1. List pairs: first in region 35-54 and surrounded by fewer than 24 Cβ atoms within 10 Å (Cβ to Cβ), second of a type in the set (Val, Ile, Thr) and not in a loop (DSSP other than H, G, I, E, B), Cβ under 6 Å, 6+ apart or cross-chain?
2. For region 73-96, name all the residues that are among the charged types (D, E, K, R) and either on the phi > 0 side of the Ramachandran plot or within 16 Å of the chain's Cα centre (by Cα) (or both).
3. Please go through region 214-223 and pick out each residue that is of a type in the set (Val, Ile, Thr) and assigned to a strand (DSSP E or B).
4. So Val86 ticks every box in (1) out of contact with any Ser or Thr (no Cβ under 8 Å at 6 or more places or on another chain); (2) part of a loop (DSSP other than H, G, I, E, B); (3) of a type outside the set (S, T, N, Q) but one. Which box is left unticked?
5. Among the residues of region 206-213, are any of a type in the set (A, V, I, L, M, F, W, C) and over 24 Å from Leu46 (Cα atoms)?
6. Could you check region 129-144 and list, in sequence order, the residues that are within 14 Å of Lys181 (Cα to Cα) and either open to solvent by 40 Å² or more (accessible area, probe 1.4 Å) or touching a strand residue (DSSP E or B) at 6+ places or on another chain (Cβ under 8 Å) (or both)?
7. Yes or no: region 193-213 includes at least one residue that is open to solvent by less than 20 Å² (accessible area, probe 1.4 Å), at pLDDT 95 or above and part of a loop (DSSP other than H, G, I, E, B).
8. Say we look at region 94-124 and pick out the residues that are among the small types (Gly, Ala, Ser) and either open to solvent by 30 Å² or more (accessible area, probe 1.4 Å) or in a loop (DSSP other than H, G, I, E, B) (or both); which of these is nearest to Arg73 (Cα to Cα)?
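The values are calculated or read from the model by the stated rules, or taken from the named source; none is laboratory data. This structure is a prediction, so every number in the text was calculated from the model and none was measured. Glycine also receives a Cβ, built like all others from the backbone with ideal geometry; neighbour counts cover every protein chain displayed. Only protein heavy atoms, including side chains, enter the accessible area calculation; ligands, DNA and RNA are left aside. Shrake-Rupley method; radii C 1.70, N 1.55, O 1.52, S 1.80 Å.
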Amino acid sequence: MAAPVSVRGVSRRFGDSVALRPTDLEVAAGEFVALIGPSGCGKTTLLRIVADLESPSGGEVRIGADSASAARRNRQIGLVSQRPAVLPWKRAEDDVRFTQKIARRIGFPAGLLLRDFGLAGHEGKRPAELSGGMLQRVNIASAIAHDPAVLLMDEPFSALDEMKREELGAWFDAELARRPKTVLFVTHNIEEAVMLADRLVVFSPAPGGIVEIVAVDAPRPRPPSFRADPRFIAAAARARELLFGRALAA
């Protein structure tokens, strides 16, 4: 079951450097929110704070009724990194089961989950025997195998070529309809954000903070034809205006 995420006045400093200005963000249960902005603007810092991998300098995060720390201890968070965090000596199915062993909870049967993810026949293969797209599917399967309420994703498709990236994005969009999660998704790709997210949270350059939140008023999952939809074009244009307009004015 998905859970809401509440970010209340969260900030982060590293010595005299401000990585993230005080930030407020409310994410509804089952909502997909993309964080976009220039490098170094605090997107990943915020994601890591929600994941309880970093402590905020101020403010707090709530996941449902719990603090971020309690949600992590209760295995309510799944984390997907840019590079597949798979173990080179483990087979795909064992990798998924390893996450379940750590979480002490079996949310979805490992073999069934991998087959649903389009990896039928590849469950027994090791990372060296899988393509980049397959590896990232294993990575996502491992992150949600224990059925967490919240899925945090840090540029998960950026290492893939453009065609594979679009293909995997469309697949993931459809999978979320089957297994709803609250998603925070860091990306530099505007089109990817508009295709996948309910809302785009646009960050300013460092010291980072939220400039504007752009809503994408269309149901998910979205077909490839949505790229020609006026709602897609308008949301992407507004995000570009906020990002590049500010960059040109700076």
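1. Short answer, once both residue conditions are applied: Thr44/Val186; Leu47/Val186; Ala51/Ile77.
2. Arg75, Arg83 - these are the residues of region 73-96 that are among the charged types (D, E, K, R) and either on the phi > 0 side of the Ramachandran plot or within 16 Å of the chain's Cα centre (by Cα) (or both).
3. Val214
4. Unmet for Val86, out of (1) out of contact with any Ser or Thr (no Cβ under 8 Å at 6 or more places or on another chain); (2) part of a loop (DSSP other than H, G, I, E, B); (3) of a type outside the set (S, T, N, Q): (1).
5. No, that holds for no residue.
6. Within region 129-144, Ile140, Ala143, Ile144 meet the criteria.
7. Yes, that holds for at least one residue.
8. Checking each candidate, the answer is Gly107.
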